[in-house]
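A short worksheet on the structure shown next.
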């Protein structure tokens with residue numbers, strides 16, 4: 001992959017693209033959680 005991107009070292013490629021992985025993981029977790037959990041800005045309705 002490094003050579004296809006024109007990088008001379010694999011370490012450079014890893015440094016460039018692995019820095020964004022934690023942010024992607026967080027966003028993915030929030031997206032999946034949103035499918036199953038109520039959104040934080042909505043309060044549950046009280047039963048009357």
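The values are calculated or read from the model by the stated rules, or taken from the named source; none is laboratory data. Quick caveat: nothing in here was measured; it's all calculated off a predicted structure. Positions of Cβ are backbone-derived with ideal geometry, glycine not excepted, and every protein chain shown enters the neighbour counts.
Given the conditions (1) outside any loop (DSSP other than H, G, I, E, B); (2) at pLDDT 75 or above; (3) surrounded by fewer than 10 Cβ atoms within 10 Å (Cβ to Cβ), report the number of the one that residue 8 does not fulfil.
(1)
Any idea which of (1) modelled with pLDDT under 70; (2) surrounded by 10 or more Cβ atoms within 10 Å (Cβ to Cβ); (3) within 22 Å of the chain's Cα centre (by Cα) is the one residue 2 doesn't satisfy?
So the condition that residue 2 fails would be (3).
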